[in-house]
Amino acid sequence: MVLKFRMVSDEVDGFLREYEIDSEATFLDLCKVILESCGYPDDQMTSFYVCNDEWERGEQITREDMGTSAADTDIFVMGRVALGDFIEDKGQKLEFVFDPFSERSFFLNVREILTGQDLKRAVVKRVRGDAPIHIAELGLSAPVAQKVTPIAEDEEELFTAVDFDDEDFDPEGFEISQAPY
């Protein structure tokens, strides 16, 4: 069975990709064709969410097993899950998170299901518009080294507690359980 997907972005007007992929292909296969068609490197912790008709997230399919501690939580890994395991109907919605740190996503919709057909590899059928800027292009893919300026001797006294009195310290005012966040 062949699945036809349409993918859009809420960041870039006019951006569109359409794919055809076999239902026996894995979510990892779909991930790779998406990244390639957008010109993105394959170096981020991406994931898919199976969504309902209102785009509310359901099951998550991750790039790798993150080892959640909850015993009642099923873990689905892209390379081990076939698309057909979660996609059975035309109109099925998926969210593909390509930038997990900023929660940037693409939205996929199954446009058509072709029964009695199969594909050996995914096909990009339509490309329109430029993909949103990727995280690496924003300069956020690696930590930025910053120059550290040593404290001058005349500023050192600002960071020393010369007049600190232990009796003035109120430990109840610093309880973590009372943090506002």
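None of the figures in this text is laboratory data; all of them are computed from the coordinates on show. On a predicted model such as this, the values are computed, not experimentally measured, just so you know. Glycine gets a Cβ as well: all are built from the backbone with ideal geometry, and neighbour counts include every protein chain shown.
Less than 12 Å Cβ to Cβ from Asp10, Lys/Arg counted +1 and Asp/Glu -1: what total charge do the surrounding residues give? Numbers along the way, then the final one.
Details: positive: Arg104; negative: Glu11, Asp13, Glu95, Glu103.
Taking every Cβ under 12 Å from that of Asp10, the sum is -3.
Which of the peptides 19-27, 36-44 is most tightly packed, and how do the rest follow, judged by the mean count of other Cβ atoms within 10 Å per residue? All intermediate terms of the calculation are to be shown ahead of the outcome.
On the way: 19-27: 20.2, 36-44: 14.6.
Going from most to least packed, we get 19-27, 36-44.
Through the Karplus equation 6.51 cos²θ - 1.76 cosθ + 1.60, θ set to phi - 60°, convert the phi angles of region 47-64 into ³J(HN,Hα) values in whole Hz; use x for Gly and Pro.
Those phi angles translate into 7, 10, 10, 7, 10, 8, 4, 9, 6, 7, 5, x, 4, 9, 10, 9, 5, 9 Hz.
Once the cut-off is 17 Å, how many percent of the Cα-Cα pairs in region 1-73 end up in the long-distance tail? Kindly include the intermediate steps, with their values, before the conclusion.
Working: 1499 of 2628 pairs.
Cα-Cα pairs of region 1-73 separated by over 17 Å account for 57 percent.
Cα-based Rg (one decimal) and Dmax (whole number) for region 2-138, in Å?
Cα radius of gyration and Dmax of region 2-138 are 14.4, 44 Å respectively.
Within region 90-133, what residues put their amide N at less than 20 Å from the label point 7 Å along the Cα-to-Cβ vector of Met66?
94-108
Can you check what the net charge comes to around Ser105, using other residues whose Cβ is under 12 Å from the Cβ of Ser105 (Lys, Arg +1; Asp, Glu -1)?
Numbers: positive: Arg57, Lys93, Arg104; negative: Asp10, Glu11, Glu95, Asp99, Glu103.
Net local charge, Ser105 excluded: -2.
Taking Cα pairs under 8 Å and at least six residues apart, what relative contact order does region 26-108 come out at, in percent? Each step should come with its number before you reach the end.
On the way: 122 pairs, mean separation 27.7, N = 83.
RCO, region 26-108: 33 percent.
With only Lys, Arg, Asp and Glu charged, each at its Cβ (+1 for the first two, -1 for the last two), find how big the charge dipole of region 2-138 is about the Cα centre; round to the nearest 20 debye.
Details: 16 positive and 29 negative charges, 116 e Å.
Charge dipole of region 2-138: 560 debye, to the nearest 20.
Excluding Glu59 itself, calculate the net charge of residues whose Cβ lies under 13 Å from the Cβ of Glu59, where each Lys or Arg counts +1 and each Asp or Glu counts -1. Don't skip to the answer; put the middle values down first.
Details: positive: Arg57, Lys93; negative: Glu56, Asp74, Asp85, Glu95.
For residues surrounding Glu59, the net value is -2.
FRET efficiency for Arg57 and Glu36, Cβ-Cβ distance as r, R0 = 25 Å, nearest 0.05?
FRET efficiency, Arg57 to Glu36: 0.50.
Which FRET efficiency value, to the nearest 0.05, is calculated for Arg121 and Phe101 with the Förster distance at 35 angstrom and r the Cβ-Cβ distance?
Working: r = 30 Å, r/R0 = 0.87.
Using R0 = 35 Å, I get an efficiency of 0.70.
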